[in-house]
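The values are calculated or read from the model by the stated rules, or taken from the named source; none is laboratory data. From a predicted model like this one, the values you see are computed outputs, not experimental measurements. We place every Cβ from the backbone using ideal geometry, glycine too, and count neighbours over all the protein chains shown. Please note that ligands, DNA and RNA were not included when accessible areas were found on the heavy atoms of the full protein model with its side chains. Shrake-Rupley method; radii C 1.70, N 1.55, O 1.52, S 1.80 Å.
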Amino acid sequence: MANLELRNLNKTYSSKVVPVKDISLKVDEGEFLTLLGPSGCGKSTTLRLIAGLEQPTRGQIWIGERNVTDLRSGDRNIAMVFQSYALYPHMTVAENIASSLKLRHLSKLEIRQRVTDVATKLGLEELTQRKPSQLSGGQRQRVALARALVRQPDVFLLDEPLSNLDALLRERVRAELKQLFKAQNTPVVYVTHDQTEAMTLSSKVAVLYNGNLQQLDPPQRIYTHPANRFVASFVGSPQMNLFVLSCRDNAAWLGNFPIPVPLPTVPPQIVLGIRPENVCLARAEDTHTIQGQIYLVESLGMQNLLSVRVQGAPELTIRALLPAAWQWSDDIVKLTLSPQSLHWFDAATGDRLF
Amino acid sequence: MSLIQNLKLVHLPKSKTSNYSHLLLSVFVLLVAIFCLAPVLWQLLTSLKVNADISAVPNVYIPKRYTLAHYTELFTRRPFLNYIFNSALVSITSTVLCLALGAPAAYALARLRIWGEQVILAGVLIVTLFPYILLFLGLLQVVQALHLGNNYLALIIPYTAINLPLTILVMRSFFQQLPRDLEDAAKVDGYNIQQILLQIVLPMTVPALVTTGILAFIFAWNEFIFALTFITRESLKTIPVATAQLGSSSVFEIPYGAIAAATVLGTSPLVLLVLLFQRRIVQGLTAGAVKG
Amino acid sequence: MQLDKIQKREQLTGWMLTLPALLLLLLVFAYPIGQAFWLSLFTKNLATQLQPVYSGWNNYVRMVFDGRFWETMQNTTIFTCVSVFLELLLGMGIALVLNQSFPGRGIVRTIAILPWALPTALMALAWAWIFNDQYGVWNDILQRLGLIHTEINWLGEPSLAMMAAIAAEVWKTTPFISILLLAGLQSIPVELYEAHALDGANPWQSFWRITLPLLMPQILIALLFRFAQAFGVFDLVLVMTGGGPAGATETVSLYIYAMVMRYLDFGYGAALIVVTFLLLVAAVAIVSFLLSKARNSKF
């Protein structure tokens, strides 16, 4: 058992194409790390660098005490599940699962034992003699998992393994995945652009953007304390309200309404963030209140998503999640922004201030 | 006028199929079929007629007597079995060689980032346009220098080469469609490059190899100018050359029946290939040409 | 940029996989052309007892005053242009028909590629037989239809022989064009026609505004291939007419072949090859230029 460490990883194709700029991170035994980010953020390239399918331009990759940067993929003792599953179409399920073991010249007996074990664990016993083309999408996905598990590798890599499943199946397999990898005391690196997967599966999430690591934290903290403006806007649905506001008298002005800034020195401009679910209807005793005009109500079933034009700044729209039971008579609504759920970011750098 | 009507059919494939346009389409289809088949069928009919019917004026379209005499003559009085063997040997060998050389090259050009890839591709594209007449003089000298005259190799080598560009283009477009993940998965599993090529890629490549092989075989079987120039010994000649020379072999009378029978014999393997593999031939041709 | 290890490994494997094919291509394509360039500067014929004697540009000067060369050039040009033009029209028509749905379409599509797959030399014999003056079926059909009253010697009259050769060529290679165009037609989304029809366009307008522009790349590719092949036509004419009557159907390639194989004038033959090659390269360059323009204008 060993941990996985990336040290100052960089991949440069040309001066303009630098998918991975400088990424350092560590995944411990039994940890489930998700690389999360929009397409083109460098998450897949990072995974391919770890797998040895690409060679880093700079930086090192360590698995335990081994520097594997220059090793061929096959010699790194890693297992990878591909988005397309990449099952060998001309081999049966059993042959697919056994292929890496055969290459390691394990005894026939042991190969059979391990293949049977993993097939049983994933409920594939009945399918071992089929070809991939005779399997359903969910079954193929499990074969791909089995092929990775049977290796008993030092590191598991998973590249969007759920994205080819339909929505219903995806939720079930997600839960199964969590169970499965909890039992493995091995670092797991999981790539996805789906924040729900990242939130539910991982023990740690690395948010990537533009080839750089934006934040590396447990999922809950990513949600409650986004490290910068990008993370704040990328994680959470509906998206966080983000406003660039001017400051006067130790407060940022949202239209006609001052919001006190909890900083020793207040910059002339600041970015205020608040999640729609933290915007509530104002009660009499509330202090941080604003007023505005409702111009759009979208029903999400459990809740209504309101879009409100802030008084004094009609170009600003704040979105609020309100219980579906709420009835409104007037177009004008009074809302409260609870102070403990406000996020403040630097207007220039986007970094979190408070 | 006919084109306009034709277009109407293109335009609304199903909704407005009135009887009129239906009929028109049938007529066009029939014309296409007749246009393509008539010369072949006429040759077939000629080959089965007795000599009196062949030289009858006006022509006999529905003969009362049929004969296989022209065919038996080819095998008894002339070495046609030999010609067929030569054509088959040369075509099959060169096809196999062409696939063996062309498929790896196509893989490299599709998958591996090699230096000069664009130049190689451009070169391959350009040579597909070379008429063979431009090559025969230089090749003749190669053949003479290597003492390959009247040797199967004098045909096998150029046939392999003339089919290489098409093979490389068709196979390359196939490899580009092949999901890369499979090869990556194989690398992670620990296969080395030779194992990936032989154990993972090759089994998936069989259909494309068949497609390309059929095209290469057709081109090799049909080739004329090299076979005419490099082979002069009767026993080594291929079918197209031998048949073309049937007419000039006898001074007094042109053996129309024998020529027709030889044509039928020489074309029948290809007719068979087309009937069996029409779809693949079309795929291969379009893949090869459109990539250019 | 420094190549990393994975790239270096790829380079090496790539070259090892490509090299055998590349060497063979060089031997069979590049060497003969290069050799022709070199030999064209020498006189090598029966007068020099087949030994190469350097003669500079003599062969090319001779070509300028060689009336037979210019005649064959003219024949080849007529043959190429007329047949490619007819093939394009006919090929487009056939592609449009085959793009319809009708019972037995698979069989008709199979039949429609048959002529392309058959050996040219053999089908040239078949066409020579069809155009035979005494027993030919073409004369018979025309007589039965009452269009002619005496048999026409198709292969014996200069202008008629050219027409006969073109007919055979068109028959043999139209399928190649229809295959390409049909593939192009199938790649045009039906929605485009539907949208255009909703806009009020009639089929004739759709053909000009949608089908033709979107088919342009395929048309140009077909033209490129066919032009090069028709320009080098050899077996068809050799077998059907032998270049006759009186040289009326002698194409450049037949002339080159005769120069080398009959008159054993290798130096002059090489010069003919060089000039044909250069003309072809120029023509191909023009068409590919148009092709790249047509492709770029699409995006």
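Remarks
- Taken residue by residue and averaged, Cβ atoms of other chains lying within 10 Å of the Cβ of B:233-244 number 3.
- Unit charges on C-beta of K, R, D, E only; dipole of the range A:290-354, Debye: 120 debye
- Across A:90, A:288, A:343, B:147, the residue with the most accessible area heads the list, and the full order at a 1.4 Å probe is B:147, A:90, A:288, A:343.
- Surface per residue (accessible, 1.4 Å probe) for the range B:70-286, Å²: 37 Å²
- Using only side-chain charges placed at the Cβ, +1 for Lys and Arg and -1 for Asp and Glu, the dipole size of chain C relative to its Cα centre rounds to 840 debye.
- Protein accessible area in the range C:79-134, 1.4 Å probe - carbon and sulfur %: 71 percent
- Estimated from the Cβ-Cβ distance and a Förster radius of 60 angstrom, the FRET efficiency linking residue A:26 and residue C:23 is about 0.75.
- Surface accessible to a 1.4 Å probe, residue A:117 within the full protein complex, Å²: 80 Å²
- Accessible area per residue for the range C:75-298 is 38 Å², calculated with a 1.4 Å probe on protein heavy atoms, without ligands, DNA or RNA.
- With Rh defined as the Kirkwood radius, the inverse of the mean 1/r over Cα pairs, the Rg/Rh of the protein assembly as shown is 1.09.
- Between residue A:269 and residue A:70, full extension at 0.36 nm per residue minus the direct alpha carbon distance yields a gain of 66.9 nm.
- Where labels lie 7 Å past Cα in the beta-carbon direction, separation of residue B:89 and residue A:334 in nm: 10.4 nm
- Interface size C-B, as summed buried accessible area [1.4 Å probe, Å², nearest 100]: 8900 Å²
- For peptide A:49-55, the mean count of partner chain Cβ atoms within 10 Å of a residue's Cβ comes to 4.
- Loss of accessible area when A meets B, both sides summed, Å² nearest 100, probe 1.4 Å: 1600 Å²
- Here chain B exposes an accessible surface that is 68 percent carbon and sulfur, computed with a 1.4 Å probe and the other protein chains kept in place.
- Spacing of the two label points (7 Å from each Cα toward its C-beta) at residue A:210 and residue C:212, in nm: 5.1 nm
- Taken over chain A, the ratio of Cα radius of gyration to 2.2 N^0.38 Å equals 1.20.
- Kirkwood radius for the range A:271-354, taken over all pairs of different Cα atoms as the inverse mean of 1/r, rounds to 13.6 Å.
- What the Cβ-Cβ distance of residue A:58 and residue A:182 gives, at R0 = 45 Å and to the nearest 0.05, is a FRET efficiency of 0.85.
- By accessible area with a 1.4 Å probe, ligands and nucleic acids excluded, highest first: order of A:315, C:87, C:194: A:315, C:194, C:87
- Across the range C:75-298, the mean sequence separation of Cα contacts (distance under 8 Å, 6 or more residues apart), normalised by length, yields a relative contact order of 28 percent.
- Residues of the range C:59-103 with amide N under 14 Å of a point placed 7 Å along Cα→Cβ from residue B:26: C:102-103
- Here the translational diffusion coefficient of the range B:70-286 follows from Stokes-Einstein with Rh set to the Kirkwood radius across Cα pairs; for 37 °C and 0.692 mPa s it amounts to 171 µm²/s.
- Largest accessible area first, the residues A:331, C:133, B:189, C:235 order themselves as A:331, C:133, C:235, B:189 under a 1.4 Å probe with ligands, DNA and RNA left out.
- At least 30 Å along the helix axis (C-alpha) and Kyte average at least -0.5, DSSP helices within chain B: B:19-48, B:80-111, B:152-177, B:256-290
- Percent of Cα pairs in the range C:66-158 per distance bin of 10 Å, from zero to the largest separation: 13, 25, 37, 21, 4, 0.
- Within the full protein context, the accessible area of residue A:54 is estimated at about 20 Å² for a probe radius of 1.4 Å.
- Considering all different alpha carbon pairs of the range A:144-200, the Kirkwood hydrodynamic radius works out to 12.0 Å.
- Pairs from A:108/A:204; A:108/A:178; A:11/A:131; A:21/C:8 whose Cα-Cα separation, in the structure shown, is over 27 Å: A:108/A:204; A:108/A:178; A:11/A:131
- Note that the range A:199-296, at 25 °C in a medium of 0.890 mPa s, gets a Stokes-Einstein diffusion coefficient of 158 µm²/s from its Kirkwood radius over C-alpha pairs.
- Euclidean distance of C-alpha centroids, the range C:53-131 and the range B:56-78, integer Å: 30 Å
- Rolling a 1.4 Å probe over the protein chains gives residue C:204 an accessible area of about 100 Å².
- Legend: translational diffusion of the range C:75-298 by Stokes-Einstein, Rh = Kirkwood radius over C-alpha pairs, 37 °C, 0.692 mPa s; D = 167 µm²/s.
- Rounded percent of accessible protein surface that carbon and sulfur make up, chain A, 1.4 Å probe: 49 percent
- Magnitude of the charge dipole for chain A, about its Cα centre and with charges confined to Cβ atoms of Lys, Arg (+1) and Asp, Glu (-1), is about 1120 debye.
- Expressed to the nearest 5 percent, the antiparallel share of DSSP beta bridges inside chain A is 75 percent.
- If a spin label sat at a point 7 angstrom from the Cα of residue C:53 along the line to its beta carbon, the backbone N atoms of the range C:245-286 nearer than 17 Å would be those of C:264-269.
- Rounded to 5, percent antiparallel among DSSP beta bridges of the protein assembly as shown: 75 percent
- In this structure, the pairs whose alpha-carbon distance is over 18 Å, taken from A:26/B:187; C:172/C:293; B:187/C:5, are A:26/B:187; C:172/C:293.
- Paramagnetic reach from residue C:286 (point 7 Å along Cα→Cβ, amide N under 17 Å) across the range C:153-187: none
- Annotation for the range C:184-250 versus the range A:80-143: alpha-carbon center distance of 50 Å.
- Rolling a 1.4 Å probe over the heavy atoms of the protein chains gives chain A an accessible area of 46 Å² per residue.
- Residue A:281/residue A:348 FRET efficiency (R0 35 Å; Cβ-Cβ; nearest 0.05): 0.55
- Comparing the full protein assembly with the isolated chain, the residues of the range B:96-117 losing at least 40 square angstrom of accessible surface (1.4 Å probe) are B:101, B:112, B:113, B:114, B:115.
- Equivalent ellipsoid semi-axes, the range C:210-299, via Cα gyration tensor eigenvalues times 5, rooted, Å: 34, 16, 7
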